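**Q** One structure coming up, written as structure tokens, with questions to follow.
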Amino acid sequence: MTQTTDTKSTTGRETEFVQLLNDNKARIMRLCKAYTASREDREDLFQEIAVQLWKALPTYRGEAQISTWLYRIALNVALRFSYDTKRRKPTSERISWIEETTSHPEDDHTRERIEQLQRCIAALPEVDRSVMVLYLEECSYKEISEITGLTETNVGVKISRIKDKLLGCMRKDEGGAV
Amino acid sequence: MQNSDAPGSKEIQDLQQLWQESTTNESFTIKERAMMTHINKEISNFNLLFGTGQWGQIILDSSLFCIFTLELLEAIWHNKPDKIAFRLAFMLTALSFLVFHGTVKFKMRTFNHNTSREYLQMQLMRVKQEINFREKTTPLLSPVIFGLLILGFWNDLPLWSIILLVILFISLQIANFSKKLISKELYPLRDKLQSALQQLNEH
């Protein structure tokens, strides 16, 4: 009887998780791109975030928005991953479970600008990067504050400063490219 | 909400749009073969360390069970009460391992090994059973065994007392080691298998 209940709840959790991952796959992948340099690392990070989301799903009580909860977990994993990547020795064995099929935008200029934006974001310090990624994901200041633990005022100040830095970097890159 | 009147907001909105577009044309598919290769490496390691539900383990436990049953019968036949407790303890240990591995083996037969999903589900079941056994059964079994050992050897020669202490010491070390095994080997493997299954379900 208990086993039947367990099986049912596990199946329910699986469905919920698959739905969550499907709905937020692109968001998670964008975040992974901001914190990794190689495709292998990106796949590893995506995998790690998926594992942590699966583990944390039973603790989600609906107090925060699902996106806030997801970003909080994903960002924590990404920051820890980024820290570990800097410290760990290179290994030959990699988990490579997700195949990323990219068909670049038709427009070369758009592709170049996306790459440029990713470069500029990668150049930001980690906390600034977290804030900026969330801002680009169109999270409100309140959500960013809830996810990062910074005050809303602090988020506002930071975003204003990082925006300038990011736009400066984009202009500089554009200038360099020309 | 975000302030769209701030200077440079048009540029920022463009960047937001660009950022969203960065994954628009990407799709993800599971590299099933790569995943299975990786999982199989981990499973080989798991088999080497634990051998949960494998024939080798069942044969070993059956042999031990037979040996200790014969030893126990011999002690009962020759009426050696001091030996009975010791042999009974070891017979029960062998039996518990035999029942555990036998049950897992029986459950493994219900899975279809030819599909990735069922194969992963089977491996996940083995890992979960091993975790349960180490977390729940072993801590209950160890004190009983030690109690019986002490009772069985209470009146023996001092040499046996020394051996008993050595056994106790080694057992504690093994218990300590197995805790690390759970956190370092079993939990990560369980999570990987669950995650792999999720990804298979998703696609």
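The values are calculated or read from the model by the stated rules, or taken from the named source; none is laboratory data. Please read all numbers here as calculations on a predicted model, not as lab measurements. Ideal geometry is used to build each Cβ from the backbone, glycine not excepted, and the neighbour counts take in all protein chains shown. With ligands, DNA and RNA removed, areas are computed over all heavy atoms of the protein, side chains included. Shrake-Rupley method; radii C 1.70, N 1.55, O 1.52, S 1.80 Å.
**Q** Could you give the length gained on full extension between A:Thr151 and A:Asp41, defined as 0.36 nm per residue of separation minus the Cα-Cα distance, in nm?
**A** Details: separation 110, 0.36 × 110 = 39.60 nm, distance 3.12 nm.
Separation in residues times 0.36 nm, less the Cα-Cα distance, equals 36.5 nm.
**Q** Could you work out the mean count of beta carbons from other protein chains within 10 Å of each residue's beta carbon in B:185-198? Kindly include the intermediate steps, with their values, before the conclusion.
**A** Details: counts 0, 0, 1, 1, 0, 0, 6, 4, 0, 7, 12, 5, 2, 9.
Counting Cβ atoms of other protein chains within 10 Å of each residue's Cβ and averaging gives 3.
**Q** Counting each pair of different Cα atoms once, what's the Kirkwood radius of segment B:44-101 in Å, rounded to one decimal? Intermediate results must be reported in sequence, preceding the final value.
**A** Values: mean 1/r = 0.0828 Å⁻¹.
It is 12.1 Å.
**Q** Need the per-residue list for segment A:132-168: every residue with at least 30 Å² less accessible surface in the complex of protein chains than in the chain by itself, probe 1.4 Å, sorted by number.
**A** A:Tyr135, A:Leu136, A:Glu138, A:Ser140, A:Tyr141, A:Lys163, A:Leu167
**Q** Give me the distance in nm between label points sitting 7 Å out from Cα along the Cα-to-Cβ direction at A:Asp23 and A:Ala56, one decimal.
**A** Label at A:Asp23, label at A:Ala56, 1.6 nm between them.
**Q** What quantity of accessible surface, computed with a 1.4 Å probe and excluding non-protein components, is buried in total between chains B and A, in Å² to the nearest 100? Provide the component values of the computation, followed by the final result.
**A** Working: alone 13970 and 11470 Å², together 21240 Å².
In total, this chain pair buries about 4200 Å².
**Q** Net charge around B:Thr93, counting only other residues with Cβ within less than 11 Å of its Cβ (Lys, Arg = +1; Asp, Glu = -1)? Could you put the intermediate results ahead of the total?
**A** Numbers: positive: B:Arg87; negative: B:Asp61.
Within the 11 Å Cβ shell, the charges total 0.
**Q** Could I ask something else about it? Under a plain spin-label model, where a point goes 7 Å from the Cα along Cα-to-Cβ, how far apart in nm are A:Glu112 and B:Ser183?
**A** 5.3
**Q** Stretch B:Glu118-B:Cys66 to full length: gain in nm at 0.36 nm per residue minus the Cα-Cα span?
**A** Values: separation 52, 0.36 × 52 = 18.72 nm, distance 3.42 nm.
Answer, rounded to one decimal: 15.3 nm.
**Q** Distance in nm between label sites at A:Tyr83 and B:Val99, each 7 Å beyond Cα in the beta-carbon direction?
**A** Going from the A:Tyr83 label point to the B:Val99 one covers 4.6 nm.
**Q** Let me ask another. So, counting K/R as plus one and D/E as minus one, what does the shell of residues with Cβ under 14 Å around A:Gln65 add up to?
**A** On the way: positive: A:Arg27, A:Arg61, A:Arg72, A:Lys142; negative: A:Asp23, A:Glu63, A:Glu137, A:Glu138, A:Glu143, A:Glu146.
Net charge in that neighbourhood comes out at -2.
**Q** Then there is this: Say the cut-off is 20 Å between C-alpha atoms; which of B:Lys107/B:Lys184; A:Lys55/A:Lys142; B:Lys41/B:Lys107; A:Lys55/B:Lys184; A:Lys142/A:Lys165 go over it? Numbers along the way, then the final one.
**A** On the way: B:Lys107/B:Lys184 25 Å; A:Lys55/A:Lys142 26 Å; B:Lys41/B:Lys107 22 Å; A:Lys55/B:Lys184 17 Å; A:Lys142/A:Lys165 22 Å.
From B:Lys107/B:Lys184; A:Lys55/A:Lys142; B:Lys41/B:Lys107; A:Lys55/B:Lys184; A:Lys142/A:Lys165, over 20 Å: B:Lys107/B:Lys184; A:Lys55/A:Lys142; B:Lys41/B:Lys107; A:Lys142/A:Lys165.
**Q** Just counting partner chain Cβ atoms within 10 Å, what average do the residues of peptide B:10-19 show around their Cβ?
**A** On the way: counts 0, 5, 6, 1, 4, 11, 4, 3, 9, 13.
Going residue by residue through B:10-19 and averaging, the value is 6.
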